[in-house]
Amino acid sequence: MNKIFRTLFFSFLSLLFLINVSNSEENKLKIGLLVPLSGDNSEIGMQIIKATRLALNDINKDNLEIFPKDTGSDPSTTLRSAIELKELGINLVIGPVFYDNLVYLEEIKDLTFLSFTNKTLDLPKNVISAGINSTSQLNTIKKFIKQNEIKKTLFLIPNLNYDLEIKQGIKKSKINTFKQYFYNIDPQKLTKQIEDITNYEIRKQNLFDEITRLENSDDPNKEKKIKNLEKKYTIGNVKFDSVVIADFDESLKSVITSLLYTDVSPKDKYFITFNQWFDESLFNEAASQPIYYPSINKKNLEEFQRKFYNKFNETPNHLSLLGYDLIGLIYYLSIKNDITEISKSFKARNSFKGKIGIFDIKDNTINHRLNFYKIEEGSLKEIF
């Protein structure tokens, strides 16, 4: 009897252990990660993986597990990797990184993807854009415009593959616009377009006409007045009090140069642009200052960069910070919701404070509450 009892007892313990292991696995949140681990963009993918490791270490909970898979920056490879993640019982995936890799993902049912893209148009139904989209940036610009009682804002938008995103962002943010112009980034065509937008030739002719009038007048102070006028390029004001330039890098600088050429100065009009990721080259453009833009919280970014560098001895890309925050966001939502239905929580209204800033979630959409900065006299200042 004792032998039978012992056998039954140990069988019961074994069964209990298996049940506990099973329950432990059921309570573990498995998160897929689709990033480029091969090809030209593999360094981006590896840094995102390292950032998720940092996030897991900071959360310090054993109920989260990450399963990285390679996209190869290729839509077909992305699809195969996504299918492999689904076969592992995963229903929530961080990634892919690039918009082009989303094309086949709608074929996979019961899987939600938090993509790094900032594009929001024509997304598959199971993809949520987690990048810093145009609506988030325009909401921040709108706040600045309201604070400064700016009445007439001109929008300059390049004819590139994200121009429709800007139009959509303007509509969603309900920002008040004076006029919208779409320009060609070719420098020669751009300058002519900016001349037309600012009525440069008319204002230049006004100056010539006024000098001629004074020369033919009996005004006793005409020589002094003419000398003052000869220091100018134009006479007459433009009809806007701020300009939002939805551009980046050298193309942004070309637009600003064209505005300066047509006698429109940031000393007289607000020059506002989109998130520049604290591009240090803008600090050297004295004639372009002051210039304003929305961005993520700079102190938080620097703190993350220091932490990342201390751990891995390399400087992280900006997408790494987003990967870090998305792990925190998912963990936060898993606390508030059943783990098996975590993807459904993106349909409800939620807010989460990450390193980037505050994530606002509603109807499968993520928007970011951003900070606002000014570059003036070679230094950066936080406005709000």
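Checked against the criteria, Lys232 counts as part of a loop (DSSP other than H, G, I, E, B), of a type in the set (Lys, Arg) and either surrounded by 11 or more Cβ atoms within 10 Å (Cβ to Cβ) or modelled with pLDDT of 95 or more (or both). Within the set Asp186, Asp163, the sole residue that is acidic (Asp, Glu) and over 21 Å from the mean Cα position of the chain (by Cα) turns out to be Asp186.
Out of Ile157, Ile185, Ile150, Ile175, report the one residue that is surrounded by 16 or more Cβ atoms within 10 Å (Cβ to Cβ) and either touching a Leu at 6+ places or on another chain (Cβ under 8 Å) or assigned by TED's automatic domain parsing to the domain that holds Pro96 (or both). One residue alone meets the criteria, Ile175.
Against the test of being modelled with pLDDT under 95 and at positive phi, the options Asn60, Asn2 yield a single qualifying residue, Asn60. For segment 299-314, the candidate set comprises residues that are among the acidic types (Asp, Glu) and in a helix (DSSP H, G or I); within that set, the residue that is nearest to the chain's Cα centre (by Cα) is Glu302.
Screening Asp279 with (1) within 21 Å of Lys189 (Cα to Cα); (2) among the charged types (D, E, K, R); (3) within 28 Å of the chain's Cα centre (by Cα) gives one miss only, at (1).
With respect to (1) within 23 Å of Leu64 (Cα to Cα); (2) crowded, with 19+ Cβ neighbours inside 10 Å; (3) among the β-branched types (Val, Ile, Thr), the lone exception for Ile358 is condition (2). Within segment 284-298, take every residue that is assigned to a loop (DSSP other than H, G, I, E, B) and touching an Asp or Glu at 6+ places or on another chain (Cβ under 8 Å) and give me the one that is surrounded by the most Cβ atoms within 10 Å (Cβ to Cβ). Restricting to residues being assigned to a loop (DSSP other than H, G, I, E, B) and touching an Asp or Glu at 6+ places or on another chain (Cβ under 8 Å), the top hit is Gln289. Take Glu25 and tell me if it is at pLDDT 95 or above and among the acidic types (Asp, Glu). No: the conditions fail for Glu25. Figure legend. Inter-residue proximity from segment 38-55: first residues more than 14 Å from Gly323 (Cα to Cα), second residues buried (at least 22 other Cβ atoms within 10 Å of the Cβ) and among the aliphatic types (A, V, I, L, M), beta-carbon distance below 8 Å, spacing 6+ or different chains. Indicated pairs: Asn41/Val97. Just wondering, is there one or more residues in segment 203-222 that are among the β-branched types (Val, Ile, Thr) and surrounded by 20 or more Cβ atoms within 10 Å (Cβ to Cβ)? So far as segment 203-222 goes, no, none of its residues is among the β-branched types (Val, Ile, Thr) and surrounded by 20 or more Cβ atoms within 10 Å (Cβ to Cβ).
Considering Ser265, Ser281, the condition of being out of contact with any Phe, Trp or Tyr (no Cβ under 9 Å at 6 or more places or on another chain) and either crowded, with 17+ Cβ neighbours inside 10 Å or under 30 Å from Ser379 (Cβ atoms) (or both) is satisfied by Ser281 alone.
For (1) within 17 Å of Glu250 (Cα to Cα); (2) in a loop (DSSP other than H, G, I, E, B); (3) free of Cβ contacts under 8 Å to residues at least 40 places away in the same chain; (4) not hydrophobic (A, V, I, L, M, F, W, C), each residue gets a yes or a no:
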residue: Pro316; (1), (2), (3), (4): no, yes, no, yes
residue: Leu322; (1), (2), (3), (4): no, no, no, no
residue: Gly328; (1), (2), (3), (4): no, no, no, yes
residue: Ser345; (1), (2), (3), (4): no, no, yes, yes
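Quick one: in segment 98-155, of everything that is assigned to a helix (DSSP H, G or I) and among the aromatic types (Phe, Trp, Tyr), which residue is nearest to Ile342 (Cα to Cα)? Among those residues, the one meeting the criterion is Tyr99. When segment 172-188 is filtered for residues that are out of contact with any helix residue (DSSP H, G or I) (no Cβ under 7 Å at 6 or more places or on another chain), at pLDDT below 95 and either under 25 Å from Thr365 (Cα atoms) or part of a helix (DSSP H, G or I) (or both), the ones remaining, listed by number, are Asn176, Gln188.
Taken as a whole, the structure places Ser129 among residues that are within 20 Å of Phe116 (Cβ to Cβ) and modelled with pLDDT of 95 or more.
The values are calculated or read from the model by the stated rules, or taken from the named source; none is laboratory data. All values derive from a computational prediction rather than experimental measurement. So basically every Cβ, Gly included, is an ideal-geometry build from the backbone, and we count neighbours across all protein chains shown.
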